[in-house]
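S.K.: Below you'll find the structure I mean.
The values are calculated or read from the model by the stated rules, or taken from the named source; none is laboratory data. Since this is a predicted model, take the numbers as computed values, not measurements. Don't worry about glycine lacking a Cβ; one is built from the backbone with ideal geometry, like all the others, and counts go over all protein chains shown. Heavy atoms of the whole protein, side chains included, go into the accessibility calculation; ligands, DNA and RNA do not. Shrake-Rupley method; radii C 1.70, N 1.55, O 1.52, S 1.80 Å.
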Amino acid sequence: MSKTMKKLAILGSTGSIGRQTLEVISEHPAELEVVALSAGSNIDLLEKQIRAYRPAVAVVMEPGLAEELRRRLHGWPVEVWFGMEGLKKIASLPEVDTVVSALSGVIGLEPTWAAVRAGKVVALANKETLVAAGELVMREASNRGTKILPVDSEHSAIFQCLRNETAFLRKILLTASGGPFRTWPAEQLSSVTPAMALRHPNWVMGKKITIDSATLMNKGLEVIEARWLFGVDFDQIEVVIHPQSIIHSMVELADGAILAHLGIPDMRIPIQYALSYPERWPNSLPRLELAALRQLTFHHPDYARFPCLALAYSAGRIGGTLPAVMNAANEVAVELFLSQKIGFLDIPRLVEEVMQKHTVHNSPDLEDILAADRWARFWTYKLASK
Ligand code: NDP
Ligand code: MG
């Protein structure tokens, strides 16, 4: 066994990040071992993953699914648990040292919190955790002396640029592709359908984050994520549209030097870095060929066409329970948009209405945040059905 062998629990192993995490593990079997996996409802894929990666425990969302999976895996050495309790348990198993947090949405908050409380290193893809409860989670991680290592490509880039420069940081330049509607005129955005919004130009991802990328809410969530991961003010975070997604983000330092992190747009690179940290491991991924890039371009975001970005800055600046409320309203609005109950421009409209209705609680604990999340979900459904 290599001295760097890490024992992992993957929350959301059947998702886009979860599947790519398993690919990284397949390439580094001497360094990484799977102790626990979890799915929501895709038990066909989870069963295959269990047979291939041999975790000691697997978790699914519902007891009925757990029953079915146990029946299929009769005689196989795996325990099958279910629900939020199951997720929290695998996030804090004594034999796990690193938890890959890759659920989609604020459903990831409680298991990630459990991982931090148990002193696990967290490889964090689930940005909604830091949006809803960044202050609490970062404080707890610091109290427990554990690390939160970013998986989100921009934050991984910033984290790498800052390895020796934190003291000199002036500004974070958070890059954004601009999404599929970057060049669309405002009046056409009302006709955007789920199928159109699900075609992202540079990345293949889960549905929720793909819609967030089309509204630019994803970048808004990432601004708040960056504020907590790197301990900067919102004034120090600037979003730069960079359609090619080759520069994954940049930092500007005290002397005006800008450090950038470049690479092909492939999530296996930041996933691997979060797992290899503080080392770097070789891999078989394609390399960036600079001469093949015709150009790299940059421009300012258009806050008028993409109001979600401004809503996120505003929620982040006000703080307290407001970012959790914004996030919950957005999750519900995205779900309603995907099921064609509301239009594309109703997403920012509903998020803004729910934010305006909310009385902010200024120093919330986890319970207050979860209550604000439930409150916002209730009101988003209600306002959408008017
Ligand atoms: P996916 O939708 O592809 O995967 C989500 C995972 O969570 C699946 O395993 C799903 O299970 C599981 N899940 C969903 N709901 C529940 C639930 N109620 N209970 C238990 N499990 C549940 O999402 P992504 O992988 O795209 O994204 C994951 C996180 O990573 C998000 O926070 C996203 O913002 C972030 N991220 C993703 C990137 C990407 O390239 N995909 C890039 C950067 C960040 P099942 O499918 O079995 O139901
Ligand atoms: Mg990102």
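S.K.: Checking Arg71 against (1) in a helix (DSSP H, G or I); (2) surrounded by fewer than 18 Cβ atoms within 10 Å (Cβ to Cβ); (3) touching a helix residue (DSSP H, G or I) at 6+ places or on another chain (Cβ under 8 Å), only one condition comes out false. Which one?
M.R.: Checking Arg71 against (1) in a helix (DSSP H, G or I); (2) surrounded by fewer than 18 Cβ atoms within 10 Å (Cβ to Cβ); (3) touching a helix residue (DSSP H, G or I) at 6+ places or on another chain (Cβ under 8 Å), the one that fails is (3).
S.K.: Please tell me if Ser16 is crowded, with 19+ Cβ neighbours inside 10 Å and of a type in the set (Ser, Thr, Tyr).
M.R.: Numbers: crowded, with 19+ Cβ neighbours inside 10 Å: yes; of a type in the set (Ser, Thr, Tyr): yes.
Yes, satisfied.
S.K.: Further, regarding this structure: Looking at Ser41, Ser104, can you tell me which residue is part of a loop (DSSP other than H, G, I, E, B), over 16 Å from Ala115 (Cα atoms), touching a helix residue (DSSP H, G or I) at 6+ places or on another chain (Cβ under 7 Å) and away from ligand 2 (no atom under 16 Å from the Cβ)?
M.R.: Result of the check over Ser41, Ser104: Ser41.
S.K.: Now for a different question. Say we look at region 74-101 and pick out the residues that are in a strand (DSSP E or B) and not acidic (Asp, Glu); which of these is farthest from Glu47 (Cα to Cα)? Don't jump to the end; show me each part of the working.
M.R.: Quick first cut of region 74-101, residues in a strand (DSSP E or B) only: 79-82, 98-101.
Okay, now just the ones that are also not acidic (Asp, Glu), so 80-82, 98-101.
On the way: Val80: 11, Trp81: 13, Phe82: 14, Thr98: 22, Val99: 20, Val100: 19, Ser101: 20 Å.
Among them, the one singled out is Thr98.
S.K.: Which helices (runs of 4 or more DSSP H) does region 155-239 wholly contain that include 1 or more residues that are within 11 Å of ligand 2 (Cβ to nearest atom)?
M.R.: Numbers: elements: 194-197, 207-215, 217-230.
Where helices (runs of 4 or more DSSP H) fall fully within region 155-239 and carry at least 1 residues being within 11 Å of ligand 2 (Cβ to nearest atom), they are 207-215, 217-230.
S.K.: Would you check if there is a residue in region 143-157 being surrounded by fewer than 16 Cβ atoms within 10 Å (Cβ to Cβ) and in contact (Cβ under 8 Å) with a residue 12 or more places away in the chain? Give the derivation first.
M.R.: Filtering region 143-157 down to residues surrounded by fewer than 16 Cβ atoms within 10 Å (Cβ to Cβ) leaves 143-145.
Those still in the list that are in contact (Cβ under 8 Å) with a residue 12 or more places away in the chain too: 144-145.
Among the residues of region 143-157, at least one is surrounded by fewer than 16 Cβ atoms within 10 Å (Cβ to Cβ) and in contact (Cβ under 8 Å) with a residue 12 or more places away in the chain, which makes the answer yes.
S.K.: Among the helices (runs of 4 or more DSSP H) contained in region 294-386, which hold 2 or more residues that are open to solvent by less than 40 Å² (accessible area, probe 1.4 Å) and closer than 25 Å to Pro243 by Cβ? Steps first, please.
M.R.: Details: elements: 307-318, 322-338, 346-357, 366-384.
Counting at least 2 such residues, we get 307-318, 322-338, 346-357.
S.K.: Does region 20-38 hold any residues that are crowded, with 18+ Cβ neighbours inside 10 Å and in a helix (DSSP H, G or I), and which are they?
M.R.: Within region 20-38, Gln20, Thr21, Leu22, Val24, Ile25 qualify.
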